[in-house]
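The values are calculated or read from the model by the stated rules, or taken from the named source; none is laboratory data. Small disclaimer: the values here were computed from a predicted structure and weren't measured. As a convention, Cβ positions derive from the backbone with ideal geometry for all residues, glycine included, and neighbour counts pool all protein chains shown. Accessible surface is based on the protein model in full, side chains and every heavy atom, while ligands, DNA and RNA are left aside. Shrake-Rupley method; radii C 1.70, N 1.55, O 1.52, S 1.80 Å.
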Amino acid sequence: MFIEKSLVKIFQSYGIESYSNYSLKEKNTYKTGGDAKCIIFPDTAEKVKSALKILNENEITFEVLGRGSNFLVSDEGFDGVI
């Protein structure tokens with residue numbers, strides 16, 4: 001939990017909306033799945049670049065999610081950043 005909260009604070013310091021232990025059920029059309037350790041919502045190209053830099057420099061697993069159609073999430077969740 002500490003790591004997720006630290007990540008959230010880092011992303012928020014760049015102005016990126018972010019949350020820890022975020023339920024992915026409402027983010028996919030099948031309404032299934034567990035939580036993501038961290039989810040971010042960068043709303044500008046600059047914020048996307050900042051987020052990718054943070055993720056890559058720290059070797060953090062991530063997946064990019066569009067509108068959530070045809071996207072299945074394990075009930076165990078995702079151990080990374082969405």
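The table for this structure:
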read-out: Val8 vs. criteria surrounded by 14 or more Cβ atoms within 10 Å (Cβ to Cβ), modelled with pLDDT of 95 or more and not in a loop (DSSP other than H, G, I, E, B); value: no
read-out: Qualifying residue in the range 23-31 (condition: among the aromatic types (Phe, Trp, Tyr) and either more than 12 Å from the chain's Cα centre (by Cα) or in a helix (DSSP H, G or I) (or both)); value: yes
read-out: Inter-residue pairs, beta-carbon under 6 Å, first without any contact (Cβ under 8 Å) to a residue 24 or more places away in the chain and in the range 54-82, second open to solvent by less than 100 Å² (accessible area, probe 1.4 Å), 6+ apart; value: Thr61/Gly80; Phe62/Leu55; Phe62/Gly80; Phe62/Val81; Glu63/Ile82
read-out: So Ala51, is it open to solvent by less than 50 Å² (accessible area, probe 1.4 Å), assigned to a helix (DSSP H, G or I) and either small (Gly, Ala, Ser) or in contact (Cβ under 8 Å) with a residue 24 or more places away in the chain (or both); value: yes
read-out: Restricting the range 54-64 to residues that are within 14 Å of Leu7 (Cβ to Cβ) and either touching a Lys or Arg at 6+ places or on another chain (Cβ under 8 Å) or hydrophobic (A, V, I, L, M, F, W, C) (or both), the residue that is most open to solvent (accessible area, probe 1.4 Å); value: Phe62
read-out: All positions within the range 18-48 that are farther than 23 Å from Ser69 by Cβ and either exposed (fewer than 13 other Cβ atoms within 10 Å of the Cβ) or modelled with pLDDT under 95 (or both); value: Ser20, Asn21, Thr44, Ala45, Glu46
